[in-house]
Amino acid sequence: MSKLVVMSYRLIAAGRQGSRRVPANYSLAACDSHKLARWAVAVATVCASIGCHQSREDAHAREVATRVRSEFLHAWTNYEKYACGHDALKPLSKTPHDRYGQSLLVTPVDALDTLILMKLDEEAAKAKELILTDLSFDRDVYVKNFEITIRLLGGLLSSYQLTNDKRLLALAEDLGNRLLPVFNSPTGLPYVYVNLRTGQVRDAKTNPAETGTLLLEFGTLSKLTGKSIYYEKAKRALMETFKRRSAIGLVGSTIDVETGAWVDADSHVSGGIDSYYEYLWKCWLLFGDKDCQEMWQASISAVNKYLADEVRGELWYGHADMNTGKLTVPQYGALDAFFPALLAQSGDVARARRLQDSSFKMWNMHEIEPEIIDYKTMQIVYNGYHLRPEIVESTYYLYHFTRDPQYRKMGEKIFDDFVKYCRVDAGYAAIQDVVTKQKRDEMESFVLAETFKYFYLLFAPPDTLDFDKVLFNTEAHPLRRTW
């Protein structure tokens, strides 16, 4: 509240009570109606100005939310037109794509809770009916446990909580049972792939993200079904990963699930490790699991000590050797841009703000972020853009925790660029080269599950989703504590 408003309130209160002394040696008699009237007008003017500004800001945010919803529909309706019943749409060739050769309806499952939150009721009902009618996990196909867990298991659980349709929970339980064999390694760390029909597993070389980004989904499945096995298996995998951290508290990039030995000592917060840290914190929040809280506290201190890097007065997070802590590669990218959200949620808002500024600088280099840059030279290392959501996620979190309007302005700039360069006739296309803006024939399901959802929630009214009552899994599926 402005000083003028505060003083005005005090003076008006003094007038109402008759003659009295007030700050700054003002004496206001009850009969001095002219002075009182002038102050009343001043107060009304200031209050009206504040109210009008807030009202204009809220109205503009609603307009942007409407635009986001419209663009989401553009992507969704083209999926329905050209790829309905398949995993994903290839928007340039207007053809369907099934990652494993058979459809698991990845886009409908991933997008269903976004459809529900946007109140696209007719589209949501059709998507849910498609899932309930056509989705079967009884398939002789090897699937990647990590991707299927965060996209399909997470999507089914979230949509169940939003609709209370127990058929969705039954599908989630069937899927959870088919994924359980991945944990049958000597260490309890999960194999990369599992055959949904036979339970056979393969690929022992994995990473902390794939071993440690399972407990939100498997744990929620345990809580909702009353069967502890899912929680126990996923938590053991998370703890076995943490137990193998180095003496200085860092984890590496590649680990062998059969021996438990590190194959690659490169440590960072980018893809392959990123969501491992995210789940340490979020599993503490969702389940109240103190082991996760303690693992988080031990991990984040090491991350901030060894991976944070100051360049030109800017904050970045680079790569370091997990054993020595020595910074090795000054690289940061689209996947690292989730980290401001995690920092903000865990209470380190000041650091989150600084890192978000760096992410936005990376975005503005070419009005679309490259996948990886060298932050010391500000040169591109990998020039693709896969329609990733992480920078939008962090913008949403920072707006939620600070209510600073700069983050909505930032989000609108990112959204405008996103539409300008990625929108095509049949949906949204990834970028092959952020410099030339050449497109690639790809629209992953996470565009609908995450990117559009975070854009929408940034501008939608707060009652669209109660942020404080949900935890988003790493695929932006909101999970609610109902136990």
Notebook entry, point to check: Of the residues that sit in the range 221-235 and are touching a Ser or Thr at 6+ places or on another chain (Cβ under 9 Å) and assigned to a helix (DSSP H, G or I), which one is surrounded by the most Cβ atoms within 10 Å (Cβ to Cβ)?
Noted result: 234
Note to self: So residue 463 ticks every box in (1) at pLDDT below 95; (2) in contact with a strand residue (DSSP E or B) (Cβ under 7 Å, 6 or more places away or on another chain); (3) not β-branched (Val, Ile, Thr) but one. Which box is left unticked?
What the structure shows: (2)
Notebook entry, point to check: Out of the residues in the range 387-404 that are touching a Phe, Trp or Tyr at 6+ places or on another chain (Cβ under 8 Å) and farther than 26 Å from residue 83 by Cβ, which is most open to solvent (accessible area, probe 1.4 Å)?
Noted result: 400
Next item on the list: Restrict the check to the range 181-197 and report whether at least one residue is farther than 20 Å from residue 127 by Cβ, open to solvent by 10 Å² or more (accessible area, probe 1.4 Å), in a helix (DSSP H, G or I) and in contact (Cβ under 8 Å) with a residue 60 or more places away in the chain.
Entry: no
Notebook entry, point to check: Does residue 15 count as modelled with pLDDT under 95, assigned to a loop (DSSP other than H, G, I, E, B) and either within 26 Å of residue 409 (Cα to Cα) or out of contact with any strand residue (DSSP E or B) (no Cβ under 8 Å at 6 or more places or on another chain) (or both)?
Noted result: no
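Does residue 471 qualify as being assigned to a strand (DSSP E or B) and closer than 24 Å to residue 408 by Cα?
Spelling it out, residue 471 is indeed assigned to a strand (DSSP E or B) and closer than 24 Å to residue 408 by Cα.
Does residue 209 count as among the aliphatic types (A, V, I, L, M) and crowded, with 19+ Cβ neighbours inside 10 Å?
Considered against the rule, which asks whether it is among the aliphatic types (A, V, I, L, M) and crowded, with 19+ Cβ neighbours inside 10 Å, residue 209 comes out as yes.
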Note to self: When the residues of the range 459-471 are narrowed to those that are in contact (Cβ under 8 Å) with a residue 12 or more places away in the chain and within 28 Å of residue 219 (Cα to Cα), which ends up surrounded by the most Cβ atoms within 10 Å (Cβ to Cβ)?
What the structure shows: 471
Item checked: Identity of the residue in the range 360-386, among the acidic types (Asp, Glu), in contact (Cβ under 8 Å) with a residue 40 or more places away in the chain and open to solvent by less than 40 Å² (accessible area, probe 1.4 Å), that ends up farthest from residue 433 (Cα to Cα) -> 374
Next item on the list: Would you be able to tell me the number of residues in the range 84-102 that are buried (at least 21 other Cβ atoms within 10 Å of the Cβ) and outside any loop (DSSP other than H, G, I, E, B)?
Entry: 2
Next item on the list: Report yes if residue 416 is at pLDDT below 95 and either open to solvent by 20 Å² or more (accessible area, probe 1.4 Å) or closer than 18 Å to residue 335 by Cβ (or both), otherwise no.
Entry: no
Check: Quick one: in the range 131-180, which of the residues that are without any contact (Cβ under 8 Å) to a residue 12 or more places away in the chain and in a loop (DSSP other than H, G, I, E, B) is most open to solvent (accessible area, probe 1.4 Å)?
Finding: 164
Check: Among 105, 73, 117, which is open to solvent by 20 Å² or more (accessible area, probe 1.4 Å) and either touching a residue at least 60 places away in the same chain (Cβ under 8 Å) or not charged (D, E, K, R) (or both)?
Finding: 73
Item checked: Residue in the range 441-455 that is among the aliphatic types (A, V, I, L, M), over 21 Å from residue 108 (Cβ atoms) and buried (at least 24 other Cβ atoms within 10 Å of the Cβ) present -> no
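The values are calculated or read from the model by the stated rules, or taken from the named source; none is laboratory data. This structure is a prediction, so every number in the text was calculated from the model and none was measured. Cβ sites come from the backbone with ideal geometry, for glycine too, and all protein chains shown count toward neighbours. Note: areas computed on protein heavy atoms with side chains; ligands, DNA, RNA excluded. Shrake-Rupley method; radii C 1.70, N 1.55, O 1.52, S 1.80 Å.
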